Amino acid sequence: FKAPSSDHPALYRDLLRTNRVHWIAEEPPAELVREKMMECHFRFRHQMALVPCVLTLNQDGSVWVTLVKPARAITPGQFAVFYKGDECLGSGKILRIGPSVYTLQQGKNREESPKKEEIDKIEPAT
């Protein structure tokens, strides 16, 4: 797929999954273990700005990363590196990425409101 522009919604995603994360401290952060979720930041390219996200820990040690705001050009095979403040927590290889913003927008456009006849069937007029 070639997007028509470098800012096309097809290039943006807000969900990804890594393989088993390599934590610098050997273990996942206590908050992540306790709550199964944790807010932090990540980047997937060396020079890029840190992106706020929420990690969800999976039983196999992998994580789902939900971005606060969709990021451009996330690609399987890149490494997601996680930070809390200035501290590097660890990293994991990106295995899967969620649907693009474009795909999600297409889905929303298809979800039309039910037709009047369908509503009448559900709630008969009194």
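The values are calculated or read from the model by the stated rules, or taken from the named source; none is laboratory data. Since we're looking at a predicted model, the values are computed, not measured. All Cβ positions, even for glycine, are placed from backbone atoms using ideal geometry, and neighbour counts span all protein chains on display. Just so you know, the surface numbers come from the protein's heavy atoms only, side chains and all, with ligands and any DNA or RNA stripped out. Shrake-Rupley method; radii C 1.70, N 1.55, O 1.52, S 1.80 Å.
Number of residues in the range 10-36 that are assigned to a strand (DSSP E or B) and either in contact with a helix residue (DSSP H, G or I) (Cβ under 8 Å, 6 or more places away or on another chain) or open to solvent by 100 Å² or more (accessible area, probe 1.4 Å) (or both) equals 4. Here Gly85 qualifies as at pLDDT below 95 and open to solvent by less than 70 Å² (accessible area, probe 1.4 Å). Here Gln59 meets each of (1) more than 13 Å from the chain's Cα centre (by Cα); (2) of a type outside the set (D, E, K, R); (3) part of a strand (DSSP E or B) with one exception, condition (3).
Filtered by the rule that a residue be among the polar types (S, T, N, Q) and either open to solvent by 80 Å² or more (accessible area, probe 1.4 Å) or under 23 Å from Asp86 (Cα atoms) (or both), the range 37-59 gives Gln47, Thr56, Gln59.
Of all residue pairs spaced 6 or more apart or on separate chains, those with beta-carbon atoms under 8 Å, a first member in the range 28-57 that is free of Cβ contacts under 8 Å to residues at least 60 places away in the same chain and a second member that is open to solvent by 30 Å² or more (accessible area, probe 1.4 Å) and of a type in the set (Phe, Trp, Tyr) are Cys40/Tyr83; His41/Tyr83; Phe42/Tyr83; Arg43/Tyr83; Phe44/Phe79; Leu50/Tyr83; Leu55/Trp64; Thr56/Trp64.
What are the pairs with Cβ atoms under 8 angstrom where one residue, in the range 67-92, is more than 13 Å from Val51 (Cα to Cα) and the other, located anywhere, is of a type in the set (Lys, Arg) and open to solvent by 30 Å² or more (accessible area, probe 1.4 Å)? Sequence gap at least six, or different chains. From the range 67-92, the pairs are Pro76/Arg96; Gly77/Lys93; Gln78/Arg45; Gln78/Lys93; Phe79/Lys93; Gly92/Arg20. Residues in the range 92-126 that are modelled with pLDDT under 90, of a type outside the set (Asp, Glu) and open to solvent by 100 Å² or more (accessible area, probe 1.4 Å) were compared, and the one that is nearest to Tyr12 (Cα to Cα) is Lys108. Scanning the range 73-100 for residues that are in contact with a helix residue (DSSP H, G or I) (Cβ under 6 Å, 6 or more places away or on another chain) and not in a strand (DSSP E or B) returns a single hit, Ala73. The residue of the range 60-72 that is farthest from Ser91 (Cα to Cα), among those that are at pLDDT 95 or above and either touching a Gly at 6+ places or on another chain (Cβ under 8 Å) or loosely packed, with under 14 Cβ neighbours inside 10 Å (or both), is Asp60.
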